[in-house]
Amino acid sequence: DISVPENENFIGGFGSIFLHNTGGEPLLRKDICEIVRALKPKSTLVSIVTNASLIDEEKIKKLKEAGLSYLQISIDSVDAKKHDSLRKIPGLYDKVIRAVELCKKYGISCCFSSVVYHGGIDDFEAIVKLARKYDIMVLMNYIGIVGGWKTEEELALTKDDFVRIHNLMKDPN
C-alpha cells in the first residue's frame, strides 16, 4: 500500500523533511512514480538512489512530474570498463553520465554516490573531478568491513587514506 496518511500526525506529528528511497534498485518498481507522488506532499525532499540502469528521458520526465527532488547516482570509477565490470552491467557507465545530463536538462538535482576504500582513492579523486565538470556533489561512503565485506580486510582504509580523503573534503563538490 503506497497511500500516505492524510492526518497531520504523519511521522510522529512532525511531518517529514526528507524521504530517501533506496534498495536494491528502486526504479525496478513499476509504481515508483506513484510512490514519489504519494510522498511528496508530506515532505520537503524526496530522493531516489539508483545505479542509473533504468534511467531514460521518459523515466526522468515522469519522476519530475511526480515530484522527485533528488537523484543519487552510484558510481565506482570514471573508467567505463572498470565501473561496468564492478557493477556487472555492460554500458552502465554511459547510463550514469546520461542520467546526470537528463537531471540537468529537467531540473532534478543529482549527485554521485561512491564508496571509498583502500586502493580506490585514485578512482574517488577522479569521480570528484567528474562531479566538478557537471557541477554536482559527491556523497562519500566509507567502506565498512561488515556483512558481505567482512572478509575484505585489505580494502579497509588506512591512516594515509584518511589524510587523502580529508584533503578531498575541502573540495566544494
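What the table below lists for this structure:
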quantity	calculated
Answer residue from the stretch 76-92, given it is in contact with an Asp or Glu (Cβ under 9 Å, 6 or more places away or on another chain) and part of a loop (DSSP other than H, G, I, E, B) and is nearest to Leu130 (Cα to Cα) among those	Val78
Of residues in the stretch 96-105 being under 17 Å from the mean Cα position of the chain (by Cα) and of a type outside the set (A, V, I, L, M, F, W, C), the one least open to solvent (accessible area, probe 1.4 Å)	Glu101
Count - residues of the stretch 119-155 that are in contact with a Phe, Trp or Tyr (Cβ under 6 Å, 6 or more places away or on another chain), outside any helix (DSSP H, G or I) and modelled with pLDDT of 80 or more	1
Among residues of the stretch 35-45, those that are open to solvent by less than 80 Å² (accessible area, probe 1.4 Å) and modelled with pLDDT of 70 or more, counted	5
Residue in the stretch 3-11 that is modelled with pLDDT of 95 or more and surrounded by 14 or more Cβ atoms within 10 Å (Cβ to Cβ) present	no
Leading residue by the ranking (modelled with the highest pLDDT) among those in the stretch 12-34 that are of a type in the set (A, V, I, L, M) and open to solvent by 70 Å² or more (accessible area, probe 1.4 Å)	Leu28
Among the candidates Asp135, Asp122, Asp84, residue that is open to solvent by 80 Å² or more (accessible area, probe 1.4 Å), farther than 24 Å from Val163 by Cα and either in contact with a Gly (Cβ under 6 Å, 6 or more places away or on another chain) or acidic (Asp, Glu) (or both)	Asp135
Odd one out for Cys110 among (1) at pLDDT 95 or above; (2) surrounded by 16 or more Cβ atoms within 10 Å (Cβ to Cβ); (3) over 24 Å from Lys81 (Cβ atoms)	(3)
Filter pass, Ser53 being among the hydroxyl-bearing types (Ser, Thr, Tyr), under 18 Å from Ile136 (Cα atoms) and out of contact with any Gly (no Cβ under 6 Å at 6 or more places or on another chain)	no
Matching entry among Tyr70, Tyr93 (being closer than 26 Å to Val36 by Cα, at pLDDT below 95, of a type in the set (Phe, Trp, Tyr) and crowded, with 16+ Cβ neighbours inside 10 Å)	Tyr70
Identity of the residue in the stretch 156-173, open to solvent by less than 80 Å² (accessible area, probe 1.4 Å) and either in a loop (DSSP other than H, G, I, E, B) or at pLDDT below 80 (or both), that ends up nearest to Leu71 (Cα to Cα)	Asn173
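The values are calculated or read from the model by the stated rules, or taken from the named source; none is laboratory data. As the structure is a prediction and not an experimental result, all values here were calculated from the model. Methodologically, a virtual Cβ is constructed for each residue, glycine included, from the backbone with ideal geometry; neighbour enumeration extends over all protein chains shown. Calculation scope for accessible area: heavy atoms of the full protein, side chains included, ligands and nucleic acids excluded. Shrake-Rupley method; radii C 1.70, N 1.55, O 1.52, S 1.80 Å.
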